[in-house]
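Down below is the structure, laid out as structure tokens.
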Amino acid sequence: MKILVINSGSSSIKFQLLQLPEESLLCKGMADRIGANNSQLTYKTETEQIQETLTLNNHQKGLQKIAELLLDPKVGVIQDKSEIVAVGHRVVQGGSLFSETTLINDRVKQEIQAFADLAPLHNPPNYAGIIVAEQLFPEAQQVAVFDTAFHQSIPEVANQYALPKKLYTEHGIQVYGFHGVSHQYVSQQAIQYLGLKQSKIITLHLGNGCSMTAVKDGQSIDHSMGFTPTNGLIMGSRSGDIDQGIIFHLVDKLGYTLDEVNNLINKQSGLLGLTGYRDLRDIETQAGQGNRDCQLAIEMSAYRIKKYIGAYTAAMNGLDAIVFTAGIGENSQLMRASVCANLDYFGIKLDKEKNKQKTEDIQDISTADSAVKVLVIPTKEELQIARQAYQLLQSS
Ligand code: ADP
């Protein structure tokens with residue numbers, strides 16, 4: 001069964017076409033800078049690679065162009081659109097309604113639109129991707145895989161804020177959590193790799209956005225992002241945890257508008273705010289050359305992660321493994337080493353040599369006598385979405 005996976009963002013559509021159950025990748029790519037006159041289209045199969053600059057006015061044009069490439073006599077991988085049995089859509093916010101992957105119908109579309117209030121930057125482009133895919137692939141089943149779904153298992157003790165109760169019961173103000181597709185995939189991989197029946201795992205998704213999940217027996221029981229993705233770890237340009245009193249100080253004393261505060265916390269803070277650089281590679285280079293702000297930003301990021309490791313180990317009353325994934329987690333040996341340093345009290349011991357090696361596979365980078373395993377697992381969110389869509393179609 002061929003499944004097209006679509007991750008539709010505000011100005012980009014990432015896609016992969018996968019063959020299930022073999023889990024082979026037929027092609028992948030991205031339409032980027034949609035809406036600009038220098039949109040970029042990349043498309044890659046096992047043998048072909050295309051990179052084009054063109055004008056893609058909207059998501060409709062972007063996905064249409066992708067469909068043309070899929071069908072292209074020279075570089076395409078299908079002869080007819082009907083070969084695509086399902087389109088799996090990543091949807092960021094499914095509120096409390098969706099704890100599982102769901103076939104998309106009119107009601108589901110309405111709900112996704114309604115949840116735009118909770119995820120104004122993400123759900124509208126996710127929704128646009130669904131509408132366009134329905135038009136372009138009318139014979140395919142459309143399936144929604146929600147980033148919040150994995151975190152629906154977080155118990156009340158961890159998913160509520162200590163605010164007046166009616167904000168929770170009437171207005172849905174609670175922890176929803178994000179990056180669920182990634183946390184679920186890597187935790188499943190870790191459980192399988194370690195052959196655990198009962199498990200206590202902490203997954204660290206460290207990319208531009210960063211989040212951590214406490215995963216007990218395969219279920220998310222706590223998570224560092226909350227009502228929005230702003231909470232928790234220090235990220236590329238998001239602050240993560242701050243004292244909320246700062247917001248009132250910014251507005252009352254320093255004259256910021258609410259929009260400016262929002263922009264400050266989400267787009268100008270984190271690594272960018274601390275150093276002037278958003279990309280950890282630049283920060284590591286600068287730190288190596290003695291830039292103190294960059295050195296401190298790495299120390300602060302690792303320190304914040306350590307605090308969450310402590311909290312989640314307490315929440316689970318133990319720990320079998322921690323898993324690093326995403327751009328930083330998979331690639332930055334410095335960040336992994338900084339996080340794992342001086343955690344031997346918790347049974348975490350990093351093997352310095354193994355930490356330097358890089359593979360595409362699961363890698364155990366802890367010492368043989370480390371009570372807690374430290375794993376690097378490349379995240380495969382598209383594969384996870386395709387798997388979930390496949391399982392849903394098989395069972396329905
Ligand atoms: P996104 O959250 O946008 O999907 P990624 O998971 O691709 O992001 O992670 C992007 C981040 O990964 C970059 O900002 C960069 O800081 C970091 N990164 C990628 N490669 C390396 C590397 N070799 N060393 C350090 N950091 C890296």
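Quick grid of which residues meet (1) within 20 Å of the chain's Cα centre (by Cα); (2) of a type in the set (Phe, Trp, Tyr):
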residue: Asp282; (1), (2): no, no
residue: Gln286; (1), (2): no, no
residue: Asn291; (1), (2): no, no
residue: Cys294; (1), (2): no, no
residue: Ala302; (1), (2): yes, no
residue: Tyr308; (1), (2): yes, yes
residue: Asn317; (1), (2): no, no
Discussion item. If Ser395 meets every condition in (1) within 30 Å of Val143 (Cβ to Cβ); (2) within 14 Å of the ligand (Cβ to nearest atom) apart from one, which number is that one?
Written reply: (2)
Discussion item. Considering only residues that are assigned to a loop (DSSP other than H, G, I, E, B) and in contact (Cβ under 8 Å) with a residue 40 or more places away in the chain, which ones fall in segment 89-106?
Written reply: Val92, Gln93, Gly94, Gly95, Ser96, Phe98, Ser99, Glu100, Thr101, Ile104
Worksheet item: In segment 337-363, which residue that is surrounded by 14 or more Cβ atoms within 10 Å (Cβ to Cβ), under 24 Å from the mean Cα position of the chain (by Cα) and without any contact (Cβ under 8 Å) to a residue 24 or more places away in the chain is farthest from Ile305 (Cα to Cα)?
Response: Gln363
Worksheet entry | Complete set of residues in segment 227-257 that are touching a helix residue (DSSP H, G or I) at 6+ places or on another chain (Cβ under 9 Å) and of a type in the set (Lys, Arg) | Arg238
Worksheet item: Give me the pairs: first residue in segment 203-224 and in contact (Cβ under 8 Å) with a residue 60 or more places away in the chain and farther than 15 Å from Val181 by Cβ, second residue among the charged types (D, E, K, R) and within 14 Å of the ligand (Cβ to nearest atom), beta-carbon distance under 8 Å, and six or more apart or on different chains, which are they?
Response: Asn208/Arg278
Fill in: Given (1) of a type in the set (Ser, Thr, Tyr); (2) away from the ligand (no atom under 13 Å from the Cβ); (3) within 19 Å of the chain's Cα centre (by Cα), number of the condition Thr379 does not satisfy
(2)
Discussion item. If a residue must be within 20 Å of Arg304 (Cβ to Cβ), away from the ligand (no atom under 16 Å from the Cβ) and not hydrophobic (A, V, I, L, M, F, W, C), how many such residues does segment 240-291 contain?
Written reply: 4
Worksheet item: When residues of segment 181-222 are filtered for being within 16 Å of the ligand (Cβ to nearest atom) and within 18 Å of Ile305 (Cα to Cα), how many remain?
Response: 14
Practice prompt. Please indicate, with yes or no, whether at least one residue in segment 279-287 is touching a Ser or Thr at 6+ places or on another chain (Cβ under 7 Å), under 23 Å from His183 (Cβ atoms) and either modelled with pLDDT of 95 or more or in a strand (DSSP E or B) (or both).
Written response: yes
Worksheet, complete the sentence: Among helices (runs of 4 or more DSSP H) entirely within segment 306-382, at least 2 residues that are modelled with pLDDT of 95 or more and farther than 27 Å from Ala149 by Cβ occur in 333-340, 352-356
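The values are calculated or read from the model by the stated rules, or taken from the named source; none is laboratory data. Just so we're clear, the structure is a prediction, and the values are computed from it rather than from any experiment. No Cβ is skipped: glycine too gets one built from the backbone with ideal geometry, and neighbour counts run over all protein chains shown.
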